[in-house]
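One structure is given here, and the rest of the page talks about it.
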Amino acid sequence: MGIVEGITEFLPISSTGYMILSADIMNFWDKDKRDLFIVFVQLGAILAVIYDYWGRLWTAFMGLLTGKADGMTNPRGLGISLIIATIPVMVVGFTLKDFITGTLFHPLVVATMLIIGALLIIYVEKHPRPIKAQEAEHIDFKMALKIGLAQCLALIPGTSRSGATIIGALWFGASRKSATEFSFFLGIPVIVGAGLLELIEKKDVLQTGQDWAILGVGTFVSFVVALLCIRLLVTWVSKKDFMIFAYLRIITGVIVLLAYFVFGYQIQG
């Protein structure tokens, strides 16, 4: 499960969706522990971003506090843009949290959204927009708000937080590199906040030391795997498009729907 999270977190294919499907296939834990694991283990992947981009993140943080940052004409820009982009998903996620985890954490929802998201990726790739922001630091407040609104779609499992933010950013005028890196940075407050909140609310379901060890191992493995995957993805998007991920989403979604409706596979959710 940690490997699945580390590989999929920053790809536009829905890490939560693949985690739900993987847990169902492997009959991983009972539902309450599994739901906590799926949300919390993402912290490992986001810690990989903090580790890998520490210099730029620290510069943005200090620029936000002091208004000064070497080589930046708008030192508070990136920090404020990330705050603006975070607000919509925090509001919607906090309001609909119980409905999302209680109703939408189901493989059929995942399969449907995988296919819908793939079609959106294909459309955006076939209709490129003029580039307005070459670097993540160039994303202005208006574009950041739009990306933040797009991120709200990722609250539906199978949509993909990375997919919604990266593809949304491309559509709004970000370059591939800036869209991908902004998506990385934007995941920090969202994933850290969601993971800690989920742990605080559901920590009682972890009743033994082994339960805590399983959560810890999954989180550590996701950190290591994500650290290996981050730079590979940035290198990929600087040279290629996201079409391969759209096709992967469609294949996965179709397989799940066929398994359920044609072959009668009993999906537990």
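The values are calculated or read from the model by the stated rules, or taken from the named source; none is laboratory data. Bear in mind that the values here come from a model prediction, so they are computed numbers and not experimental data. No Cβ is skipped: glycine too gets one built from the backbone with ideal geometry, and neighbour counts run over all protein chains shown. Each accessible area value is taken on the protein alone, full model and side chains, heavy atoms only, with ligands, DNA and RNA left out. Shrake-Rupley method; radii C 1.70, N 1.55, O 1.52, S 1.80 Å.
Of the numbered criteria (1) in contact with a strand residue (DSSP E or B) (Cβ under 6 Å, 6 or more places away or on another chain); (2) surrounded by fewer than 22 Cβ atoms within 10 Å (Cβ to Cβ), the one Ala174 fails is (2).
Any residue that is open to solvent by 50 Å² or more (accessible area, probe 1.4 Å) and either in contact with an Asp or Glu (Cβ under 8 Å, 6 or more places away or on another chain) or not β-branched (Val, Ile, Thr) (or both) - is there at least one of those in segment 84-94? Within segment 84-94 (the criterion being open to solvent by 50 Å² or more (accessible area, probe 1.4 Å) and either in contact with an Asp or Glu (Cβ under 8 Å, 6 or more places away or on another chain) or not β-branched (Val, Ile, Thr) (or both)), the answer is yes, since at least one residue qualifies. Taking the conditions (1) open to solvent by less than 20 Å² (accessible area, probe 1.4 Å); (2) more than 11 Å from the chain's Cα centre (by Cα); (3) more than 23 Å from Leu248 (Cβ to Cβ) in turn, Ile167 satisfies each one other than (3). Just one of the numbered conditions (1) open to solvent by less than 10 Å² (accessible area, probe 1.4 Å); (2) under 23 Å from Gly163 (Cα atoms); (3) more than 12 Å from the chain's Cα centre (by Cα) is not true of Gly63: (2).
Given the structure, is Glu198 more than 22 Å from Gly2 (Cβ to Cβ) and in contact (Cβ under 8 Å) with a residue 12 or more places away in the chain? Considered against the rule, which asks whether it is more than 22 Å from Gly2 (Cβ to Cβ) and in contact (Cβ under 8 Å) with a residue 12 or more places away in the chain, Glu198 comes out as no.
Looking at segment 91-105, is at least one residue within 30 Å of Arg56 (Cβ to Cβ) and touching a residue at least 24 places away in the same chain (Cβ under 8 Å)?
yes
State whether the residues of segment 6-17 include one that is among the acidic types (Asp, Glu), open to solvent by less than 30 Å² (accessible area, probe 1.4 Å) and in contact with a Pro (Cβ under 6 Å, 6 or more places away or on another chain). Scanning segment 6-17, I find no residue that is among the acidic types (Asp, Glu), open to solvent by less than 30 Å² (accessible area, probe 1.4 Å) and in contact with a Pro (Cβ under 6 Å, 6 or more places away or on another chain), so the answer is no.
Checked against the criterion of being under 29 Å from Ala164 (Cβ atoms) and either at pLDDT below 90 or in contact with a Lys or Arg (Cβ under 9 Å, 6 or more places away or on another chain) (or both), the candidates Leu206, Leu215 yield just one match: Leu215. Of the helices (runs of 4 or more DSSP H) lying entirely inside segment 1-112, those containing at least 1 residues that are hydroxyl-bearing (Ser, Thr, Tyr), modelled with pLDDT of 90 or more and over 30 Å from Tyr247 (Cα atoms) span 42-52, 77-99.
For segment 231-245, a residue qualifies if it is surrounded by 14 or more Cβ atoms within 10 Å (Cβ to Cβ), over 20 Å from Ala154 (Cα atoms) and among the aliphatic types (A, V, I, L, M), and the qualifying residues are Val234, Val237. In segment 192-223, what residues are among the acidic types (Asp, Glu) and open to solvent by 40 Å² or more (accessible area, probe 1.4 Å)? Residues satisfying the conditions are Glu201, Asp204.
Please verify whether segment 46-60 includes one or more residues that are loosely packed, with under 15 Cβ neighbours inside 10 Å, β-branched (Val, Ile, Thr) and without any contact (Cβ under 8 Å) to a residue 40 or more places away in the chain. No, the conditions are met nowhere in segment 46-60.
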